[in-house]
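The values are calculated or read from the model by the stated rules, or taken from the named source; none is laboratory data. Note that this is a predicted model, so its numbers are computed, not measured. For neighbour counting, all protein chains shown are included, and Cβ atoms are generated from backbone atoms with ideal geometry for every residue, glycine included. Heavy atoms of the whole protein, side chains included, go into the accessibility calculation; ligands, DNA and RNA do not. Shrake-Rupley method; radii C 1.70, N 1.55, O 1.52, S 1.80 Å.
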Amino acid sequence: MKIHLFGDISEVEQGLDILASKFNFSIAQDGFPIEVRKVLNSEIKVLKAESKGKIIYSENIHFFRALGLFLEASQEEEEFEIVEEPQFDRNGLFFDVSQGNAVMNLDSIKEILTRMSIMGLNWFMLYMEDSYEVGSEPFFGYMRGKYSYEDLKAVDDYAFALGIEVIPCIQTLAHMQEVMKWPRFNSVREDEATLLVGEPKTYELIENLLTDISAPFRSKRIHIGLDEAWRLGLGEYLPRNGLKTKFEIMTEHINHVIKITEKLGLIPMMFSDMYFRTPELAGYGNNYDVNVQIPEEIVQAIPKGMQMNFWEYNREDEPFYEAIIDKHRSLGVHTVVSGGTYNCHGFGTNYGIAFRASNALLNACKKKEVKEVFLTHWGDDGTESNIFSTILGWQLSAEHGYARELDEEKLKRRFKFCTGGNFDDFQSIKYLDEVPGVSKDNTNMSNPSKYLMYQNLLAGLFDKNIEGLQLNNHYEETAARMRESVGRNGEFDFVFILSEKVCSVLSVKAELGIQITAAYKQQDREGLERLSQDVLPRLKAQVEDLRVYHREIWYKTNKPLGWEILDLRYGALLANIDTSMARIHDYLNGDISRIEELEEERLIYPFSADLPMITSYSRIPSASRLFQ
């Protein structure tokens with residue numbers, strides 16, 4: 001479509017150039033005329049009459065969303081009027097590029113920012129524990145695919161052109177395992193994950209971190225972490241300072257850090273959970289407790305310049321969110337709220353709980369007039385899933401951001417326009433983990449796609465849990481559903497190709513350990529021979545096909561460093577298949593009298609009524625603690 005924009009478009013011209021090729025429009029003097037007006041505190045208004053269009057907006061991000069609305073509606077209607085009321089000042093996405101071991105490359109980041117802009121999302125956060133360059137510390141982020149100053153400056157420039165603010169998110173207390181492992185940092189080490197509070201060298205390091213990470217960005221806001229310091233004060237701090245409460249130590253540390261942010265002219269925010277975990281509070285041990293009464297001494301101890309980020313990812317009750325938002329406001333500080341999309345525990349995305357929790361959280365935020373929200377994407381343990389499997393969650397957040405009540409039909413239409421994706425196809429990705437034996441919408445976040453992929457065929461720790469569930473059939477059906485999705489999801493077809501290959505492997509492997517054990521126990525030699533000579537070689541070929549395609553998509557999406565972890569996991573899986581064939585062969589040939597692994601009684605892995613959620617690969621292939 002050719003369009004002619006008139007009015008003051010100087011602030012959005014560069015963004016228009018970025019979006020034009022992606023969304024099939026061009027700017028031309030002989031194009032359809034659209035008047036553009038920027039006004040203060042306005043709703044978004046998009047109009048098209050027979051001979052002229054109009055876009056009225058307040059923020060640059062609203063212009064880009066409005067342009068998308070105009071282009072989308074023009075595909076179906078000759079005349080229309082669309083009015084939207086922005087619900088949030090800032091609504092955005094947060095991506096872990098550290099603890100999941102996948103550092104998105106610049107092309108992927110630009111793709112995300114482009115989609116965000118047309119959706120109307122204006123906040124982008126990169127969570128970087130050690131994935132950024134610190135000039136004075138060559139071991140910081142060593143061999144981890146870290147971003148350079150030039151990388152991050154390019155991200156900020158690209159985002160700025162599209163009306164998006166980039167906020168760096170780092171850690172300044174815990175979650176520092178990848179840094180603390182190097183001897184260079186022994187002097188600032190409390191334990192394997194935590195910086196040593198009170199040590200002057202700690203604050204020299206933090207100042208260096210904050211100086212270098214803030215330099216590429218226009219924004220003066222910065223997220224400094226400070227969450228989940230589980231053993232705060234119980235490591236090197238204890239012999240130096242004696243036993244103190246977490247509250248005392250947090251207060252000491254934050255007062256040091258806030259002086260650094262003030263010196264650098266930065267506006268810090270932190271995850272708020274540590275203030276809700278202190279022994280002084282009734283909710284000690286929980287993330288957040290609606291019954292907690294926050295003592296005045298805690299309220300007074302929080303530096304007034306510190307903003308709080310309340311995070312919760314899997315609750316679906318609005319009253320809970322409303323109550324905790326009120327608790328944060330009683331602290332007298334600015335509060336930001338973050339939800340989550342569960343793509344961090346396996347090969348898929350858990351859209352069941354993601355939709356339930358996001359709807360509840362964002363509805364509560366609108367009721368409580370919270371003005372800044374974002375959606376987190378964590379990697380956690382290797383990042384088997386591809387980040388673009390989560391794009392439906394981005395659209396959900398965007399549509400909440402421009403309507404008092406979500407319109408699901410509009411969500412589906414907008415998703416198709418903004419991404420080329422099919423709503424139902426992306427929803428179906430949840431069936432990689434929402435399998436028989438799991439609650440509807442997988443509210444307990446079971447992740448069988450991960451542990452059934454990697455578990456030992458002859459010593460399957462999870463075989464007892466899945467007995468009788470016919471998961472091979474489930475994965476065969478899901479593989480067919482993924483195949484059907486290819487060809488109708490535009491640039492994101494690769495998400496479904498990868499998912500189909502995962503499901504095809506699991507349609508053979510999910511119950512294979514059970515089948516091998518049953519044939520062995522029943523002395524079914526013909527069955528064992530078929531499994532070893534037909535099924536296992538076929539599975540090995542499928543795993544190799546999956547590994548090669550997964551590697552291709554990893555390099556398309558992420559920096560190369562990080563893939564070595566999945567190389568090791570696939571390598572162990574392929575070796576285990578080979579060993580299983582050899583053990584069965586030796587047994588059938590009479591070289592061994594029994595397969596000892598299959599003699600072991602299978603036990604139910606203790607967790608819950610649902611299938612387990614196993615968050616660490618190290619707990620899957622072997623019962624030994626040495627498997628890391």
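Within segment 558-573, the set of residues being of a type outside the set (D, E, K, R) and either free of Cβ contacts under 8 Å to residues at least 60 places away in the same chain or surrounded by fewer than 19 Cβ atoms within 10 Å (Cβ to Cβ) (or both) comprises 560, 561, 563, 565, 568, 570, 571, 572. Against the criterion of being of a type in the set (D, E, K, R), in a loop (DSSP other than H, G, I, E, B), at pLDDT 95 or above and over 29 Å from residue 454 (Cα atoms), residue 384 does not qualify.
To keep it simple, each residue is scored yes or no on (1) buried (at least 23 other Cβ atoms within 10 Å of the Cβ); (2) of a type in the set (Lys, Arg).
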{"site": "311", "(1), (2)": "no, no"}
{"site": "324", "(1), (2)": "yes, no"}
{"site": "329", "(1), (2)": "no, yes"}
{"site": "332", "(1), (2)": "no, no"}
{"site": "347", "(1), (2)": "yes, no"}
{"site": "359", "(1), (2)": "no, no"}
{"site": "373", "(1), (2)": "yes, no"}
{"site": "378", "(1), (2)": "no, no"}
{"site": "385", "(1), (2)": "yes, no"}
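Annotation note: Cβ proximity below 7 Å between a residue of segment 95-119 that is over 30 Å from residue 67 (Cβ atoms) and a residue that is of a type in the set (Ser, Thr, Tyr) and surrounded by fewer than 22 Cβ atoms within 10 Å (Cβ to Cβ) (sequence gap 6+ or interchain) occurs for no pair. Is there any pair with a first residue in segment 1-17 that is over 17 Å from residue 160 (Cβ atoms) and in a loop (DSSP other than H, G, I, E, B) and a second that is open to solvent by less than 30 Å² (accessible area, probe 1.4 Å) and not hydrophobic (A, V, I, L, M, F, W, C) whose Cβ atoms are under 9 Å apart and which are 6 or more apart or on different chains, and what are they? Filtered contacts from segment 1-17: 1/31; 1/74.
Each row is one residue, and each column tells you yes or no for (1) acidic (Asp, Glu); (2) out of contact with any Lys or Arg (no Cβ under 9 Å at 6 or more places or on another chain); (3) under 26 Å from residue 302 (Cα atoms); (4) at pLDDT 95 or above.
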residue: 170; (1), (2), (3), (4): no, yes, yes, yes
residue: 180; (1), (2), (3), (4): no, no, no, yes
residue: 184; (1), (2), (3), (4): no, yes, no, yes
residue: 189; (1), (2), (3), (4): no, yes, yes, yes
residue: 200; (1), (2), (3), (4): no, yes, yes, yes
residue: 203; (1), (2), (3), (4): no, no, yes, yes
residue: 206; (1), (2), (3), (4): no, yes, yes, yes
residue: 218; (1), (2), (3), (4): no, yes, no, yes
residue: 225; (1), (2), (3), (4): no, yes, yes, yes
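One residue stands out in segment 36-52 among those that are β-branched (Val, Ile, Thr) and within 13 Å of residue 7 (Cβ to Cβ): the one that is most open to solvent (accessible area, probe 1.4 Å), namely 39.
Which of the strands (runs of 3 or more DSSP E) contained wholly in segment 76-147 include at least 2 residues that are open to solvent by 20 Å² or more (accessible area, probe 1.4 Å)?
Values: elements: 80-84, 90-96, 123-127.
In segment 76-147, the matching strands (runs of 3 or more DSSP E) lie at 80-84.
Being at pLDDT 95 or above, outside any helix (DSSP H, G or I) and within 23 Å of the chain's Cα centre (by Cα) narrows it down to one residue among 435, 495; which is it? Walk me through how you get there before you give the answer.
Details: 495 fails: outside any helix (DSSP H, G or I).
Result of the check over 435, 495: 435.
All of 294, 353, 324, 391 fail the test of being in a helix (DSSP H, G or I) and farther than 30 Å from residue 554 by Cα, apart from 324. For segment 442-457, indicate whether the set of residues that are out of contact with any Pro (no Cβ under 8 Å at 6 or more places or on another chain), in a helix (DSSP H, G or I) and open to solvent by 10 Å² or more (accessible area, probe 1.4 Å) is non-empty. Taking every residue of segment 442-457 in turn, none turns out to be out of contact with any Pro (no Cβ under 8 Å at 6 or more places or on another chain), in a helix (DSSP H, G or I) and open to solvent by 10 Å² or more (accessible area, probe 1.4 Å).
Exactly one residue out of 369, 409, 405 is more than 23 Å from the chain's Cα centre (by Cα), farther than 26 Å from residue 58 by Cβ and open to solvent by 10 Å² or more (accessible area, probe 1.4 Å), and it is 409. Of all the residues in segment 333-344, those that are more than 10 Å from the chain's Cα centre (by Cα) and not small (Gly, Ala, Ser) number 5. Can you tell me which residue in segment 272-305 is modelled with the highest pLDDT, limited to those that are among the small types (Gly, Ala, Ser) and out of contact with any strand residue (DSSP E or B) (no Cβ under 8 Å at 6 or more places or on another chain)? So, considering only residues that are among the small types (Gly, Ala, Ser) and out of contact with any strand residue (DSSP E or B) (no Cβ under 8 Å at 6 or more places or on another chain), the one modelled with the highest pLDDT is 301. With respect to residue 414, determine if the residue is more than 27 Å from residue 44 (Cα to Cα), in contact (Cβ under 8 Å) with a residue 24 or more places away in the chain, in contact with a helix residue (DSSP H, G or I) (Cβ under 9 Å, 6 or more places away or on another chain) and charged (D, E, K, R). Answer is no for this residue. For segment 484-529, a tally of residues being more than 19 Å from residue 548 (Cα to Cα), hydrophobic (A, V, I, L, M, F, W, C) and either open to solvent by 30 Å² or more (accessible area, probe 1.4 Å) or in contact with a strand residue (DSSP E or B) (Cβ under 8 Å, 6 or more places away or on another chain) (or both) returns 2.
To keep it simple, each residue is scored yes or no on (1) assigned to a helix (DSSP H, G or I); (2) polar (S, T, N, Q); (3) over 29 Å from residue 131 (Cβ atoms).
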position: 476; (1), (2), (3): yes, no, yes
position: 500; (1), (2), (3): yes, no, yes
position: 523; (1), (2), (3): no, yes, yes
position: 529; (1), (2), (3): yes, no, yes
position: 551; (1), (2), (3): yes, no, no
position: 555; (1), (2), (3): yes, no, no
position: 561; (1), (2), (3): no, no, no
position: 572; (1), (2), (3): yes, no, no
position: 579; (1), (2), (3): yes, yes, yes
